[in-house]
Amino acid sequence: MRIVLVGPPGAGKGTQAAFLAKNLSIPHISTGDLFRANISKQTDLGKLAKSYMDAGNLVPDEVTIAMAKDRMEQSDAVNGFLLDGFPRNVSQAEALDEMLKAESMKLDAVLDLEVPEDEVVKRIAGRRICRNDSAHVFHVTYQAPKAAGVCDTCGGELYQRDDDSEETVRKRLEVYHTQTEPIIDYYKAQGLVVTISALGKVEDVTGKAMAALKGDGEGE
Ligand SMILES: [Zn+2]
C-alpha cells in the first residue's frame, strides 16, 4: 500500500505513522528522518539542504522531492510506503504524482487525521519535556507528572520547548492551513482521501485508521 498521511501539527501523526507502518509492513518515510539521514551521511542532497538551513532559509521543494524519490526507490519500499510530512504542499503533491506515474504506480490512500484547532493548541502547549532526557515527555492535562514540574522517571526538571508555545503553535497551524491543507482537496479530486478523527487513545485512532484503510481497498 502506498499511503500519504496528512494532519495538522499536534495530531499525533508521527506516532500513528509508526504504528500504521508496522501493522502494514511498509516503511515509514518521514521528511524529518530523511533530512536527518541525508545530512548525517553528508549526501549531496544533505549538503545542499544544510546550506539552506544554515542560512536560515527554507529548503526548496526540489531538494525535498529528490530526497523522497531517493528513499522511495530503496528496496524496502517496493511494496509500498507511508509518507509522513511529504508532500506538504500542492506542488510537492504534483511532483509525487509524476514520480509514481513514471513507475506506473499510484497512491492507494491519503489518510487525513482530523483534530480541532483548540485541541491542537491544548495538546502542544501543554507538553512538558525533561531537561535530562527529551524522551521523558509529559502533559499538564493528559499525562501529568506526579509532582508539577518534576519528571516521574528521573526527577529532572520539566520545561516547555519554545516550539511548543501557544504563539508558535498558532503560527504552525496557519502554515498548515495555507500550505498543506490544499493538498487534501487536491487528493479529494482523485478520490483518495480517508478522514478520521485523531481524538481519543492512540491505539483507538490506529484501529480506526486500519479499518478505514482496509475498507478503502475493498471492491477495487
Ligand atoms: Zn526525566
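Give the cross-link partners of K101 among the lysines, using a straight C-alpha distance below 16 Å as the criterion and excluding same-chain residues fewer than 8 apart.
Excluding near neighbours in sequence, the set is K69.
By what distance, in whole Å, do the Cα atoms of the chain stretch along each of the three principal axes, largest value first?
Each principal axis gives a Cα extent; for the chain these are 56, 44, 32 Å.
Can you list the HN-Hα couplings for the range 57-64, worked out from phi with the Karplus curve (6.51, -1.76, 1.60; θ = phi - 60°), rounded to whole Hz and with x for Gly and Pro?
Running phi through 6.51 cos²θ - 1.76 cosθ + 1.60 with θ = phi - 60° gives 9, 6, 6, x, 3, 4, 5, 4 Hz.
In nm, to one decimal, how far is the D76 label point from the Y52 one, both placed 7 Å along Cα→Cβ?
Inter-label distance under the simple model: 2.5 nm.
May I ask you to derive the FRET efficiency for A18 and T168 from their Cβ-Cβ distance with R0 = 35 Å, giving the value to the nearest 0.05?
Computed FRET efficiency for A18 and T168: 0.90.
For the chain, give the share of DSSP beta bridges that are antiparallel, in percent and rounded to the nearest 5; count only bridges with both residues there.
Antiparallel: roughly 30 percent of the beta bridges in the chain.
Once you've got the Cα coordinates, tell me which of K171/K208; K22/K47; K22/K214; K13/K146 are over 24 Å apart.
With Cα atoms farther than 24 Å apart: K171/K208; K22/K47; K13/K146.
Compute the accessible area per residue over the range 1-71, keeping the other protein chains in place, probe 1.4 Å, unit Å².
Solvent-accessible surface per residue comes out at 51 Å².
On the protein heavy atoms, probe 1.4 angstrom, tell me the percent of accessible surface of the range 94-220 carried by carbon and sulfur.
48
For the chain, modelled as a Gaussian network with Cα springs under 10 Å, which listed residue fluctuates most, T168, T206, T141?
Comparing T168, T206, T141 in a Gaussian network model of the chain, the most mobile one is T141.
Show the residues, 5+ positions off or on another chain, whose built amide H is closer than 5 Å to the amide H of F81.
R2, I3
Taking Cα centroids, how far is the range 135-185 from the range 80-124 in Å?
22
R0 = 45 Å: FRET efficiency of D185 with K146, Cβ-based, nearest 0.05?
That pair, D185 with K146, gives E of 0.50.
Roughly how many percent of the accessible protein surface of the range 1-59 is carbon and sulfur, given a 1.4 Å probe and a whole-percent answer?
Solvent-exposed carbon and sulfur of the range 1-59 make up 54 percent of the total.
Residue by residue, what Karplus-based ³J(HN,Hα) values in Hz, rounded to whole numbers, does the range 30-44 have, using 6.51, -1.76 and 1.60 with θ = phi - 60° and x for Gly and Pro?
10, 4, x, 5, 4, 5, 4, 5, 5, 6, 6, 7, 6, 6, 4
Could you go through the range 96-109 in sequence order and give the Karplus-derived ³J(HN,Hα) for each residue, using 6.51 cos²θ - 1.76 cosθ + 1.60 with θ = phi - 60°, rounded to whole Hz, and x for Gly and Pro?
Values per residue, Gly and Pro as x: 5, 4, 4, 4, 5, 4, 4, 9, 6, 10, 8, 6, 9, 6 Hz.
Pull out the extension gain between A135 and T195, defined as 0.36 nm times the separation in residues minus the alpha carbon to alpha carbon distance; nm, one decimal.
18.7 nm
Based on the alpha-carbon set only, what is the convex hull volume of the range 127-213 divided per residue, in Å³?
So the per-residue hull volume is 122 Å³.
How much area per residue is accessible in the range 86-213 when the probe is 1.4 Å and only protein heavy atoms are counted (Å²)?
55
Taking a quarter of the surface of the convex hull around the Cα atoms of the range 1-122, what do you get in nm²?
Dividing the Cα hull surface by four gives the mean projection, 8.2 nm².
The values are calculated or read from the model by the stated rules, or taken from the named source; none is laboratory data. Bear in mind the structure is a predicted one, so any value in this text is a computation, not a measurement. Cβ coordinates were reconstructed from backbone atoms using ideal geometry, including for glycine residues, and neighbour counts include every protein chain displayed. SASA here: full protein model, heavy atoms, side chains in, ligands and nucleic acids out. Shrake-Rupley method; radii C 1.70, N 1.55, O 1.52, S 1.80 Å.
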